[in-house]
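Reviewing the structure listed below.
Only the coordinates and a few stated rules stand behind these numbers; no lab work does. What you see is a predicted model; the values in this text were computed from it and never measured. We place every Cβ from the backbone using ideal geometry, glycine too, and count neighbours over all the protein chains shown.
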Amino acid sequence: MESVRLEVKAGTREYVIEGGCHPRFAAVLEAMRNNFAAGLEDGACVAVMHAGEPVVDLWGGFVDAAGTRPWQRDTIVNMMSVSKGVTAMCVHLLEDRGLLDVRDPVAKYWPEFAQNGKERLPIRFVLDHRAELPFLTTRLPRGTAYDLHAMAAAFAAQAPLAEPGHQAAYHVLAQGYILGELIYRVAGESVGALFRREFAKPLGLDYWIGLPPSEISRCADFIMAPDNRLRDALAHPERPDGVFWAELDAEEDFNSTRWRTSEIPSANGHGNARAIARLYACMANDGALGGVRIMRAETVKRMTTEQHNLQERFVGRNYHQALGVILNSPPVSWMGPNPRAFGHHGAGGATGFGDPDAKIGFSYAMNRFQSDPGGSRGKLIEAVYASLK
């Protein structure tokens, strides 16, 4: 890669984009420059791995809405549901080691989960959002959401909304609580600790589920407008779009110390594009990168095998769903042109995916919640694939 330092002006604000970019992928740098020039970003980072090598590693803008603190190379940010794919990989790692089978009932490893008719509910239905436990039907006090074990116990006690396996219902936070408790029961440690040891340290990934207090100073602010739909949902837990967030603090803005340091495995992973691009480059290369094997190729294949393409009945999404990751889902092809690409995006715009056919690992992360995330990340992804032609 060649070193980059590019100044961009948008209105009265001046941004600096820094990092590195291989000349073949200059279109990605240009797309990022255009995003900032169009006023689409406060701060952001994008990274691309190709054939196992870094070819794009760019960051720019500011970590705060006021534009007083520049985004640095080691800045990290809340990437929301990008962590669903990361948590799923931890489950599949345990399967790779022979410690569980995703076809088994959750209750085989977590006996309390068998309550209210869930004794046969398989792990795979949690991974593909068919477990019929998308939110708690009995409201817990505000603030309980930061306690993984308390939330998991509530889901263990709850009856499914309908017969599992037939419909898709996006388990916004629920998936992470259930899988997080499952990982704890099988591995004897939290999902964050397992990920740090088995993925982050071997691959050199700056990504965390449950941020240590010592790392908070590196966080970019998660910026939502006053009329943001997610902020509005948090304030109205009685509404259909608010029920998923009902146990969070009413004033949560995803910048609180409780949010950052808790383990909420479906939504509060903090990291940067460099880390997630490397992770997906590893998975797209059959589970190995740079001489480090994380899991077997057959395990990655199982993780990325389509389970269904159902219309989600609460959030309204319609994706080709694999076991914890999403497959490319035309006509909304947010992972490039290849149908075997797989990954996960997060509310507001962050994303990470791997493309085994193009040998790509890609990630984008930002701090401004975007109502139309395709507008910025879409241009970056288009530029990546244009560079391969």
| Taking the Cα-to-Cβ direction at T257 and at A225 and moving 7 Å from each Cα, how far apart do the two end points lie in nm? | 3.2
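Taking a ≥ b ≥ c as the square roots of the Cα gyration tensor eigenvalues, with a/c under 1.5 meaning rounded and otherwise prolate when a/b beats b/c, else oblate, which class fits the stretch 116-250? Kindly include the intermediate steps, with their values, before the conclusion.
Values: a/c = 1.94, a/b = 1.12, b/c = 1.73.
Note, shape of the stretch 116-250 comes out oblate.
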| Long-range amide H partners of A288 with built H, under 5 Å | I294
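Give the shape of the stretch 1-86 as rounded, prolate or oblate, defined through the alpha-carbon gyration tensor: a ≥ b ≥ c are the square roots of its eigenvalues, a/c under 1.5 means rounded, and otherwise the shape is prolate if a/b is larger than b/c and oblate if not. Could the numbers behind the result be given before it?
Numbers: a/c = 1.93, a/b = 1.18, b/c = 1.64.
Judged from the Cα gyration tensor, the stretch 1-86 comes out oblate (a/c at least 1.5, b/c at or above a/b).
How compact is the stretch 268-389 by the rule of thumb for globular proteins, expressed as Cα Rg over 2.2 N^0.38 Å? Walk me through the numbers before you get to the answer.
On the way: Rg = 14.1 Å, N = 122, 2.2 N^0.38 = 13.7 Å.
Cα Rg divided by the expected 2.2 N^0.38 Å: 1.03.
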| Taking θ as phi - 60°, what are the ³J(HN,Hα) couplings along the stretch 316-327 by the Karplus curve (6.51, -1.76, 1.60), each to the nearest whole Hz, with x for Gly and Pro? | x, 6, 9, 10, 6, 9, 9, 8, x, 10, 9, 8
| request: For a quick protection proxy, order the peptides 73-84, 306-317, 358-369 by their average other-Cβ count within 10 Å, most packed first. | output: 358-369, 73-84, 306-317
| request: Would you mind calculating the gained length between A66 and V292 on full extension (0.36 nm times residue separation, minus the Cα-Cα distance), in nm to one decimal? | output: 77.2 nm
| Burial ranking of peptide ranges 234-242, 279-287, 94-102, 166-174 (average Cβ count within 10 Å, highest at the top) | 279-287, 166-174, 94-102, 234-242
| remark: Partner lysines whose C-alpha sits under 18 Å from that of K301, ignoring same-chain residues fewer than 8 away, are K84, K359
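So what's the back-of-envelope 222 nm ellipticity for the chain, counting only DSSP H runs of four-plus at -39500 (n - 2.57) apiece and dividing by all residues, rounded to 500? Display every interim value, and only then the final one.
Values: 11 runs with 106 residues, N = 389.
So the calculated ellipticity at 222 nm is -8000 deg cm²/dmol.
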| field | By average C-beta atoms within 10 angstrom, highest first, the peptides 201-213, 134-146 | value | 201-213, 134-146
| said: Testing the spin-label approximation: label points 7 Å from Cα along Cα→Cβ at V16 and E53. State their distance in nm. | reply: 2.9
| Which log10 I(q)/I(0) values, to two decimals, does the stretch 225-306 give at q = 0.11, 0.16, 0.25 Å⁻¹ under the Debye formula with one point per Cα? | -0.51, -0.79, -1.13
| note | Once both label points are put 7 Å beyond Cα along the C-beta direction, the N318-S217 separation in nm becomes 5.0
| task | Report, as a whole number in µm² per second, the diffusion coefficient that Stokes-Einstein gives for the chain at 37 °C and 0.692 mPa s using the Kirkwood radius over alpha carbon pairs. | result | 158
